[in-house]
Amino acid sequence: MNKGTVGDYIDDVPPGDVVVMDNAGRVDCTVWGDILTSVANKRRLAGTVIHGACRDVARSVDLGYPIFSRGKFMRTGKDRVQLEGVNVPISLGDVQVRQGDIVLGSDDGVLVVPKEYETDVLSMAQSISEAEERILSAAIQGERLDELRRTFKYHELQRRY
(Lines give C-alpha, C1' and ligand atoms only; values in the text may rest on other atoms or scores of the structure.)
Protein backbone atom coordinates (compact mmCIF):
# COMPACT_ATOMS: atom_id res chain seq x y z
CA MET A 1 0.00 0.00 0.00
CA ASN A 2 1.25 3.45 -0.82
CA LYS A 3 1.18 5.88 2.04
CA GLY A 4 -1.13 8.83 1.72
CA THR A 5 -3.97 10.40 3.66
CA VAL A 6 -7.44 9.19 4.54
CA GLY A 7 -8.68 11.31 1.63
CA ASP A 8 -6.95 8.86 -0.69
CA TYR A 9 -9.00 5.97 0.72
CA ILE A 10 -12.36 7.46 1.79
CA ASP A 11 -14.06 6.23 -1.39
CA ASP A 12 -13.21 2.63 -0.44
CA VAL A 13 -15.05 2.75 2.92
CA PRO A 14 -18.35 0.85 2.64
CA PRO A 15 -21.58 2.70 3.46
CA GLY A 16 -22.60 2.18 7.07
CA ASP A 17 -19.02 1.75 8.30
CA VAL A 18 -17.32 3.99 10.85
CA VAL A 19 -13.95 5.54 10.06
CA VAL A 20 -11.72 5.16 13.14
CA MET A 21 -8.41 7.02 13.09
CA ASP A 22 -5.46 7.08 15.48
CA ASN A 23 -3.51 10.33 15.32
CA ALA A 24 -1.75 9.49 18.60
CA GLY A 25 -4.12 11.79 20.43
CA ARG A 26 -2.59 14.85 18.80
CA VAL A 27 -4.64 18.00 19.12
CA ASP A 28 -2.08 20.29 17.43
CA CYS A 29 -3.10 19.29 13.88
CA THR A 30 -6.10 17.65 12.30
CA VAL A 31 -6.71 14.63 10.12
CA TRP A 32 -10.33 15.32 9.19
CA GLY A 33 -12.12 18.39 7.80
CA ASP A 34 -15.12 19.54 5.82
CA ILE A 35 -14.28 17.84 2.51
CA LEU A 36 -13.95 14.44 4.20
CA THR A 37 -17.11 15.12 6.20
CA SER A 38 -19.04 16.00 3.05
CA VAL A 39 -17.79 12.95 1.14
CA ALA A 40 -18.38 10.60 4.10
CA ASN A 41 -21.89 11.96 4.56
CA LYS A 42 -22.68 11.61 0.83
CA ARG A 43 -21.37 8.04 0.89
CA ARG A 44 -23.60 7.36 3.94
CA LEU A 45 -20.81 6.40 6.33
CA ALA A 46 -22.02 5.97 9.92
CA GLY A 47 -19.52 8.42 11.42
CA THR A 48 -15.92 9.15 12.27
CA VAL A 49 -13.94 8.60 15.48
CA ILE A 50 -10.55 10.27 15.82
CA HIS A 51 -7.92 9.81 18.51
CA GLY A 52 -6.83 13.34 17.75
CA ALA A 53 -8.44 16.53 16.44
CA CYS A 54 -10.78 17.44 13.62
CA ARG A 55 -11.62 20.78 12.05
CA ASP A 56 -14.49 22.43 10.19
CA VAL A 57 -16.94 21.24 12.84
CA ALA A 58 -19.73 23.47 11.51
CA ARG A 59 -19.99 21.29 8.38
CA SER A 60 -20.56 18.11 10.39
CA VAL A 61 -23.17 19.90 12.52
CA ASP A 62 -24.94 21.26 9.40
CA LEU A 63 -24.99 17.80 7.80
CA GLY A 64 -25.74 15.91 11.00
CA TYR A 65 -22.66 13.78 10.38
CA PRO A 66 -21.34 12.34 13.66
CA ILE A 67 -17.69 13.01 14.48
CA PHE A 68 -16.09 12.10 17.80
CA SER A 69 -12.62 13.47 18.49
CA ARG A 70 -10.40 14.57 21.35
CA GLY A 71 -10.77 18.14 20.21
CA LYS A 72 -11.08 20.56 17.37
CA PHE A 73 -8.38 22.73 15.91
CA MET A 74 -7.88 24.73 12.74
CA ARG A 75 -4.40 23.56 11.69
CA THR A 76 -4.40 20.98 8.93
CA GLY A 77 -2.43 17.77 9.17
CA LYS A 78 -1.18 18.21 5.60
CA ASP A 79 2.57 17.63 5.57
CA ARG A 80 2.36 16.82 9.31
CA VAL A 81 0.68 13.38 9.34
CA GLN A 82 0.71 10.46 6.97
CA LEU A 83 -1.49 7.41 6.63
CA GLU A 84 0.27 4.31 7.97
CA GLY A 85 -2.33 1.64 7.33
CA VAL A 86 -5.92 0.79 6.43
CA ASN A 87 -8.00 -1.92 8.14
CA VAL A 88 -5.27 -2.55 10.71
CA PRO A 89 -5.65 -2.55 14.52
CA ILE A 90 -5.35 0.96 15.96
CA SER A 91 -5.60 2.60 19.35
CA LEU A 92 -8.09 5.08 20.70
CA GLY A 93 -6.09 5.93 23.77
CA ASP A 94 -5.76 2.67 25.67
CA VAL A 95 -8.52 0.88 23.72
CA GLN A 96 -7.60 -1.21 20.70
CA VAL A 97 -9.97 -1.18 17.71
CA ARG A 98 -9.88 -3.88 15.04
CA GLN A 99 -11.72 -4.17 11.76
CA GLY A 100 -15.22 -5.51 12.44
CA ASP A 101 -15.44 -4.23 16.03
CA ILE A 102 -18.63 -2.40 16.93
CA VAL A 103 -18.09 1.35 17.47
CA LEU A 104 -20.94 3.29 19.08
CA GLY A 105 -20.99 7.01 19.72
CA SER A 106 -23.39 9.20 21.67
CA ASP A 107 -23.38 12.55 23.43
CA ASP A 108 -21.59 10.76 26.29
CA GLY A 109 -18.66 9.47 24.23
CA VAL A 110 -17.53 6.44 22.22
CA LEU A 111 -17.76 2.76 23.11
CA VAL A 112 -15.83 0.01 21.33
CA VAL A 113 -17.18 -3.54 21.55
CA PRO A 114 -14.89 -6.29 20.26
CA LYS A 115 -16.81 -8.25 17.63
CA GLU A 116 -16.45 -11.52 19.55
CA TYR A 117 -18.38 -10.02 22.51
CA GLU A 118 -21.15 -8.38 20.46
CA THR A 119 -23.91 -10.80 21.48
CA ASP A 120 -23.00 -10.83 25.19
CA VAL A 121 -22.69 -7.04 25.37
CA LEU A 122 -25.97 -6.51 23.51
CA SER A 123 -27.78 -8.87 25.86
CA MET A 124 -26.30 -7.18 28.93
CA ALA A 125 -27.06 -3.69 27.58
CA GLN A 126 -30.69 -4.65 26.89
CA SER A 127 -31.20 -6.03 30.40
CA ILE A 128 -29.61 -2.92 31.94
CA SER A 129 -31.75 -0.63 29.82
CA GLU A 130 -34.94 -2.49 30.72
CA ALA A 131 -34.14 -2.43 34.45
CA GLU A 132 -33.23 1.27 34.35
CA GLU A 133 -36.49 2.09 32.56
CA ARG A 134 -38.49 0.21 35.23
CA ILE A 135 -36.55 1.98 38.00
CA LEU A 136 -37.06 5.38 36.40
CA SER A 137 -40.76 4.81 35.76
CA ALA A 138 -41.42 3.68 39.33
CA ALA A 139 -39.29 6.52 40.80
CA ILE A 140 -41.21 9.10 38.78
CA GLN A 141 -44.42 7.58 40.19
CA GLY A 142 -43.10 8.31 43.67
CA GLU A 143 -41.46 5.09 44.83
CA ARG A 144 -38.22 5.36 46.81
CA LEU A 145 -35.13 5.17 44.65
CA ASP A 146 -33.08 3.29 47.26
CA GLU A 147 -35.75 0.58 47.46
CA LEU A 148 -36.04 0.35 43.69
CA ARG A 149 -32.29 -0.02 43.36
CA ARG A 150 -32.36 -2.93 45.81
CA THR A 151 -35.39 -4.52 44.15
CA PHE A 152 -33.89 -4.37 40.67
CA LYS A 153 -30.34 -5.10 41.88
CA TYR A 154 -29.11 -1.91 40.28
CA HIS A 155 -25.56 -2.22 41.56
CA GLU A 156 -25.23 -5.72 40.07
CA LEU A 157 -26.48 -4.90 36.58
CA GLN A 158 -23.06 -4.32 35.00
CA ARG A 159 -21.13 -7.06 36.75
CA ARG A 160 -19.79 -9.96 34.76
CA TYR A 161 -21.55 -13.26 35.31
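The values are calculated or read from the model by the stated rules, or taken from the named source; none is laboratory data. The shown structure was predicted, so the numbers you read here are calculated from the model rather than taken from an experiment. Cβ placement follows ideal geometry from the backbone for every residue including glycine, while neighbour counts extend to all protein chains displayed.
Quick check on my filter: what residues within the stretch 1-27 are surrounded by 14 or more Cβ atoms within 10 Å (Cβ to Cβ), assigned to a helix (DSSP H, G or I) and either touching a residue at least 60 places away in the same chain (Cβ under 8 Å) or of a type in the set (A, V, I, L, M, F, W, C) (or both)? Within the stretch 1-27, Val6, Ile10 meet the criteria.
For the stretch 138-153, how many residues are outside any helix (DSSP H, G or I) and in contact with a Lys or Arg (Cβ under 9 Å, 6 or more places away or on another chain)? Here the count works out to 1. The single condition among (1) outside any loop (DSSP other than H, G, I, E, B); (2) closer than 22 Å to Thr5 by Cα that Met74 does not satisfy is (1). Would you say Arg70 is basic (Lys, Arg), within 23 Å of Asp108 (Cβ to Cβ) and either surrounded by fewer than 18 Cβ atoms within 10 Å (Cβ to Cβ) or under 17 Å from the mean Cα position of the chain (by Cα) (or both)? In short, yes. Candidates in the stretch 70-90 are the residues that are small (Gly, Ala, Ser) and more than 19 Å from Val13 (Cα to Cα); of these, the one that is modelled with the lowest pLDDT is Gly77. Going through (1) loosely packed, with under 13 Cβ neighbours inside 10 Å; (2) assigned to a strand (DSSP E or B); (3) not acidic (Asp, Glu) one by one, Asn87 falls short only on (2). Filtering the stretch 28-38 to residues that are surrounded by 15 or more Cβ atoms within 10 Å (Cβ to Cβ) and not hydroxyl-bearing (Ser, Thr, Tyr) leaves Cys29, Val31, Trp32, Gly33, Asp34, Leu36.
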